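S.K.: Quick one: the structure is below, questions incoming.
The values are calculated or read from the model by the stated rules, or taken from the named source; none is laboratory data. Because the structure is a prediction, the values reported are computed rather than measured. Here Cβ is always computed from backbone atoms with ideal geometry, including for glycine, and neighbour counts include all displayed protein chains. Each accessible area value is taken on the protein alone, full model and side chains, heavy atoms only, with ligands, DNA and RNA left out. Shrake-Rupley method; radii C 1.70, N 1.55, O 1.52, S 1.80 Å.
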Amino acid sequence: MTVSYEPVMELVRASLMPVGNEPVPRTELPACRAVLKVARSTEDLDGMHPIHDLAAAAGVAASAMTFWLAQERDMDAAKALERMPGEGVQGPVVDLLRTLMTGPKGMGQTAEWLMRLFVRDQEAYLDLIVELGAYTATCIQILDGLGASSVDQSLEDLEDLLRDYYGDSAAS
């Protein structure tokens with residue numbers, strides 16, 4: 001199966017875009033548009049819908065940023081996960097990160113967790129992807145605020161990480 005990391009980078013960049021003060025329909029927000037674009041696309045050659053690839057890649061990106069931010073705060077990722085609810089990170093994001101950050105079995109657990117959510121509530125599934133993009137963008141902004149990495153450098157590093165994770169052939 002070929003997975004492209006490019007849609008998750010589009011999601012993260014859209015999540016970094018400032019939102020105006022005027023109310024707009026949720027579907028007009030840049031991050032929501034990025035997710036809906038993928039959700040409305042056709043199946044890939046392996047029969048998997050690209051939205052599932054985006055969900056997994058968004059989880060990988062959020063996990064990587066969690067590890068990086070924890071390192072910058074001189075704590076381990078488990079401690080960072082414990083602190084998230086008190087720092088305003090929503091339950092589904094934390095739940096997904098817990099499934100990912102359990103070592104080699106993480107991706108299998110994550111796939112099962114995501115599929116259960118998809119079957120139970122597709123709107124919540126799409127919301128989770130948007131929230132993962134927002135979480136990743138927030139981590140990037142925090143790293144910038146800490147002086148650890150500029151937004152541009154963090155985006156470049158995240159893209160490199162995803163390219164390595166999914167392999168150079170994943171770009172489509």
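S.K.: Top mean-square fluctuation among T102, T138, T110, Gaussian network model of the chain, C-alpha springs under 10 Å?
M.R.: Result for the chain, Cα springs under 10 Å: T102 fluctuates most.
S.K.: Separate question: Roughly to the nearest percent, how much of the accessible area of region 81-144 is carbon and sulfur, given a 1.4 Å probe?
M.R.: So the carbon and sulfur contribution to the accessible surface is 53 percent.
S.K.: For region 88-145, which chymotrypsin sites (Phe, Trp or Tyr not before Pro) are in a loop by DSSP, counting at most 16 other Cβ atoms within 10 Å?
M.R.: none
S.K.: If I stretch the segment between L36 and D152 completely, what's the gain in nm (0.36 nm per residue apart, minus their alpha carbon distance), one decimal?
M.R.: Here the segment from L36 to D152 would lengthen by 39.3 nm.
S.K.: By average Cβ neighbour count within 10 Å, what is the ranking of 79-92, 57-70 from highest down?
M.R.: Packing proxy ranking, top to bottom: 57-70, 79-92.
S.K.: Take the Cα coordinates of region 30-101, assign each an equal point scatterer, and use the Debye formula without solvent to give log10 I(q)/I(0) at q = 0.12, 0.26 Å⁻¹.
M.R.: -0.41, -1.13
S.K.: May I ask you to evaluate 6.51 cos²θ - 1.76 cosθ + 1.60, the Karplus curve with θ = phi - 60°, for each residue of region 17-27 and list the ³J(HN,Hα) values in order in whole Hz, giving x for glycine and proline?
M.R.: Rounded to whole hertz, the list is 5, x, 9, x, 7, 7, x, 9, x, 3, 5.
S.K.: On to the next question. Can you tell me the length gained on complete extension of the stretch D160 to D95, counting 0.36 nm per residue apart and subtracting the Cα distance?
M.R.: Roughly 20.8 nm would be gained on extension.
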